[in-house]
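Colleague: Let me begin by handing over the structure; questions about it come next.
The values are calculated or read from the model by the stated rules, or taken from the named source; none is laboratory data. The shown structure was predicted, so the numbers you read here are calculated from the model rather than taken from an experiment. Cβ: placed from backbone, ideal geometry, glycine included. Neighbour counts: every protein chain shown. Quick note on the areas: whole protein, heavy atoms, side chains included, nothing else; ligands and nucleic acids left out. Shrake-Rupley method; radii C 1.70, N 1.55, O 1.52, S 1.80 Å.
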Amino acid sequence: MRTYYCGELRTSTIGETVTLYGWVDRRRDHGGVVFLDMRDRAGIVQIVSDPERTPNSYPTAEDVRNEYVIKVSGRVSQRPQDSINPNLPTGEVEVYAEQMEVLNAVRQQLPFQIASEEADAVRENIRLKYRYLDLRRDRLNQNLHLRHQVVKAIRRFLEDEEAFTEVETPILTRSTPEGARDYLVPSRVNPGKWFALPQSPQLFKQLLMVSGFDRYYQIARCFRDEDLRADRQPEFTQLDMEMSFLSEDEIIDLNERLICHIFKTVKGIDLPRPFPRLTYNEAMSRYGTDRPDTRFGLELVQVSDIVQDSGFKVFSEAVKSGGLVKALPIPGGNEQISNVRIKPGGDLFKEAAAAGAKGLAYMRVREGMEIDTIGAIKDNLSEEQKQELLRRTKAQPGHLLLFGAGDAVTVNKSLDRVRQALGEELDLIDKEAMNLLWVTEFPMFEWNPEEKRLESLHHPFTAPNPDDLDDLKTARAQAYDLVYNGIEIGGGSLRIYQRKVQEQVFEAIGLSLEAAQEQFGFLLDALEYGTPPHGGIAYGLDRLVMLLAGEDSIRDVIAFPKTQQASCLLTEAPSNVDEKQLKELYVVSTYDPEME
């Protein structure tokens with residue numbers, strides 16, 4: 001029987017005879033003495049075999065190669081002083097292999113060297129195809145262990161300290177019109193009808209509050225048929241929570257304690273509380289985004305009122321048409337940022353253009369507070385306006401002022417992109433900082449120009465601020481997002497628990513009472529049977545673990561992820577299915593590859 005995992009051996013086990021199982025990580029032959037680095041899920045330990053001291057294991061040690069599966073029995077010994085490896089927890093000990101058995105060999109050439117530091121450079125599609133080999137590597141192995149520790153910490157806090165109950169909600173449910181595209185599943189026993197895989201357990205967790213469960217949580221699998229990015233997958237995992245009879249402040253307080261517990265348990269980090277809070281309007285005004293990275297400054301400055309009557313039409317017409325003008329002051333920007341980078345074709349111009357902006361106006365502040373600029377902006381701003389811009393932006397000699405003008409969405413998006421790019425380039429971001437903040441008071445709705453209607457900024461079950469019930473279309477939501485270093489890791493809200501208010505929200509997004517009853521009648525009916533006030537939150541577990549692991553993609557913290565084309569290279573899914581299966585489901589494919 002196994003007596004220890006490889007990574008568990010320490011100086012305290014010296015003299016013990018142990019039995020280990022694992023893989024050959026590396027093999028070295030030093031003049032007749034064979035050294036093996038043996039690896040299992042707990043780590044690596046050095047195995048030694050020589051023809052004199054361990055004659056029984058030596059013939060096998062001569063034959064094994066990297067990634068062979070072996071069993072080793074032997075005595076733990078102190079390593080010679082000159083061979084201690086301070087980089088390994090087991091670096092002070094080694095095992096002399098009295099017995100060695102090959103349990104399985106490698107019979108094909110490895111697609112990449114697992115133990116090599118160059119494995120990260122192997123093309124990702126190769127590593128995804130052989131994911132079971134990629135997961136043997138220390139980096140990914142540690143990432144999945146970190147994920148396990150995060151989930152374990154979540155469960156212990158919610159169950160043992162806060163009396164939450166874990167409840168599993170259905171995977172096969174009904175399709176709803178709001179949100180991303182659903183993954184649809186045809187029903188064989190109900191011909192012509194379809195299930196949808198859940199985008200979240202939102203409605204079921206609200207119904208659990210109606211049922212009196214009071215505090216629910218679930219490590220929930222969710223599915224969205226949407227275009228993928230580094231932090232998105234078609235199937236993902238979220239920590240889902242719902243609570244009855246708690247105010248917004250109480251929910252936020254509980255979740256701050258949860259996050260602090262995770263960081264302390266998993267990373268040994270004490271986070272300061274309470275986390276800062278910004279309203280949605282404050283975040284958009286100062287940073288141009290509702291997910292601000294507050295590890296560095298470079299805040300945006302609203303200057304519409306200063307330039308609305310200027311002769312520079314780019315500014316004045318933007319304000320007159322209902323848009324705005326903002327400045328991004330950059331200390332020391334004169335020396336570090338050339339005009340070429342701001343003009344068409346430059347990298348900063350391209351950043352702004354990627355968000356829909358037509359360009360960037362700019363001014364430079366020289367010694368003596370003189371303003372240096374060119375073109376129409378130079379000739380069409382009065383001296384008084386220029387001086388007011390300097391005062392408002394708190395500019396000093398050496399400052400570069402970048403301006404965005406146009407509709408609010410484009411200005412904010414473009415200057416946010418430029419701000420983030422410059423934060424990285426100018427080395428303004430403290431990579432060790434862990435800035436968590438809440439963004440609150442989101443608008444209930446945003447305008448969908450394509451469908452020419454309002455749509456919920458979060459979801460249509462979010463409760464409006466009680467002070468704004470007279471005009472739901474401009475109401476603030478009782479919603480809150482948690483942002484970690486500029487990335488949203490969780491979002492939630494108080495929920496609507498009165499049928500009349502829920503019907504008003506459906507009406508505001510263009511859903512008639514008949515359509516609402518057809519699609520959400522079960523929820524509307526439930527709201528009439530004594531539904532308690534309740535609210536909740538959901539965290540992107542993959543994203544949270546990615547950030548804790550210091551990775552750039554959630555694929556590196558998921559055991560078997562999909563590609564950006566939503567396919568699994570390992571199993572070659574999705575795949576064709578037998579025609580008989582389609583007939584049983586009353587489904588016919590209309591796909592014609594020649595029409596692509």
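Colleague: With +1 on each Lys and Arg Cβ and -1 on each Asp and Glu Cβ, and nothing else charged, work out how big the dipole of the chain is about its Cα centre, in Debye to the nearest 20.
Modeller: 840 debye
Colleague: Additional query: Residues with beta-carbon under 14 Å from that of VAL24, excluding VAL24: net charge, scoring Lys, Arg +1 and Asp, Glu -1?
Modeller: -1
Colleague: I would also like to ask the following. Using +1 at the C-beta of Lys and Arg and -1 at the C-beta of Asp and Glu, which of ALA353, SER382, VAL365 has the Cα lying farthest in the positive direction of the dipole of the range 312-408?
Modeller: Positive-most Cα among the choices belongs to ALA353.
Colleague: Give, in nm to one decimal, the length gained when the segment between MET595 and ILE171 is fully stretched (0.36 nm per residue of separation minus the Cα-Cα distance).
Modeller: 149.3 nm
Colleague: Modelling each spin label as a point 7 Å along the Cα-to-Cβ direction, I'd like the ILE219/ASP372 distance in nm, to one decimal.
Modeller: 5.9 nm
Colleague: Determine, from the Cβ-Cβ distance of ALA421 and GLU52 and an R0 of 45 Å, the FRET efficiency 1/(1 + (r/R0)^6), rounded to the nearest 0.05.
Modeller: According to the calculation, E is roughly 0.10.
Colleague: Grab the beta carbon distance between LEU469 and ARG2, set R0 = 60 Å, and tell me the FRET efficiency rounded to 0.05.
Modeller: Taking R0 as 60 Å, the efficiency between LEU469 and ARG2 is 0.40.
Colleague: If you add up the charges near PHE204, with Lys and Arg at +1 and Asp and Glu at -1, over every other residue whose beta carbon is less than 12 angstrom from its beta carbon, what do you get?
Modeller: Taking every Cβ under 12 Å from that of PHE204, the sum is -1.
Colleague: In the full protein assembly as shown, how much of ASP467 is accessible to a 1.4 Å probe, in Å² to the nearest 10?
Modeller: Probe radius 1.4 Å; accessible area of ASP467 about 130 Å².
Colleague: Return the calculated 222 nm mean residue ellipticity for the chain, to the nearest 500 deg cm²/dmol, obtained by summing -39500 (n - 2.57) across DSSP H runs with n ≥ 4 and dividing by the residue count.
Modeller: -8000 deg cm²/dmol
Colleague: For the pair ASP309/LEU582, report the inter-label distance in nm, with labels modelled 7 Å from Cα in the Cβ direction.
Modeller: 7.0 nm
Colleague: Ignoring ligands, DNA and RNA, what percent of the accessible area of the range 1-81 is carbon or sulfur (1.4 Å)?
Modeller: With neighbouring chains kept in place, the figure for the range 1-81 is 47 percent.
Colleague: What is the percent carbon and sulfur in the accessible area of the range 496-569, measuring with a 1.4 Å probe over the protein chains and ignoring ligands?
Modeller: Using a 1.4 Å probe with all protein chains present, the range 496-569 comes out at 49 percent carbon and sulfur.
Colleague: Right, next: Project the alpha carbons of the chain onto their principal axes and report the range along each, largest first, in whole Å.
Modeller: Its Cα atoms span 93, 72, 59 Å along the three principal axes.
Colleague: For the range 25-100 and the range 314-390, what is the separation of their Cα centres, given in Å?
Modeller: Cα centroid to Cα centroid, the span is 65 Å.
Colleague: Of ALA283, MET434, GLN109, whose Cα points farthest to the positive end of the dipole of the chain (charges on the beta-carbon: +1 Lys, Arg; -1 Asp, Glu; origin at the Cα centre)?
Modeller: GLN109
Colleague: Choose one of GLN202, VAL301, LEU271: the residue whose Cα lies farthest towards the positive end of the charge dipole of the range 169-311 (beta-carbon charges +1 Lys, Arg; -1 Asp, Glu; about the Cα centre).
Modeller: GLN202
Colleague: Between SER83 and ALA573, take the C-beta separation as r, use R0 = 56 Å, and let me know the FRET efficiency to the nearest 0.05.
Modeller: Computed FRET efficiency for SER83 and ALA573: 0.75.
Colleague: May I pose another question? From the alpha carbon gyration tensor of the range 462-596, can you work out the equivalent ellipsoid semi-axes (sqrt of 5 times each eigenvalue) and give them in Å, largest to smallest?
Modeller: Whole-Å semi-axes of the equivalent ellipsoid: 38, 28, 14.
Colleague: In the range 189-209, whose amide N lies under 11 Å from the spot 7 Å out along Cα-to-Cβ of GLU514? List them in ranges.
Modeller: none
Colleague: How far apart, in nanometres, would the label points at ARG28 and ARG229 be if each is projected 7 angstrom from Cα along the Cα-to-Cβ direction?
Modeller: So the label points at ARG28 and ARG229 sit 4.5 nm apart.
Colleague: Give, as a single signed number, the net charge of other residues whose beta carbon lies under 14 Å from the beta carbon of LEU300, with Lys and Arg counted +1 and Asp and Glu -1.
Modeller: After counting each charged neighbour, the total is +2.
Colleague: Additional query: Once you have the Cα-Cα distance between ARG453 and HIS145, take 0.36 nm times their residue separation minus that, and quote the gain in nm to one decimal.
Modeller: Taking ARG453 through HIS145 to full extension adds about 106.3 nm, to one decimal.
Colleague: Only loop residues by DSSP count here, and only those with at most 14 other Cβ atoms within 10 Å; note down the trypsin sites (Lys or Arg not before Pro) in the range 298-392 that meet that.
Modeller: Of the trypsin sites (Lys or Arg not before Pro), the ones in loops of the range 298-392 whose Cβ has at most 14 other Cβ atoms within 10 Å are LYS358, ARG366.
Colleague: In the chain, once you exclude exposed chymotrypsin sites (Phe, Trp or Tyr not before Pro) (DSSP loop, at most 11 other Cβ within 10 angstrom), what's the longest stretch remaining?
Modeller: Counting at most 11 other Cβ atoms within 10 Å as exposed, the longest clean stretch of the chain is 1-528.
Colleague: Let me ask you something else. Counting only heavy atoms of the protein chains, get the accessible area per residue of the chain (1.4 Å probe) and round it to a whole Å² value.
Modeller: 51 Å²
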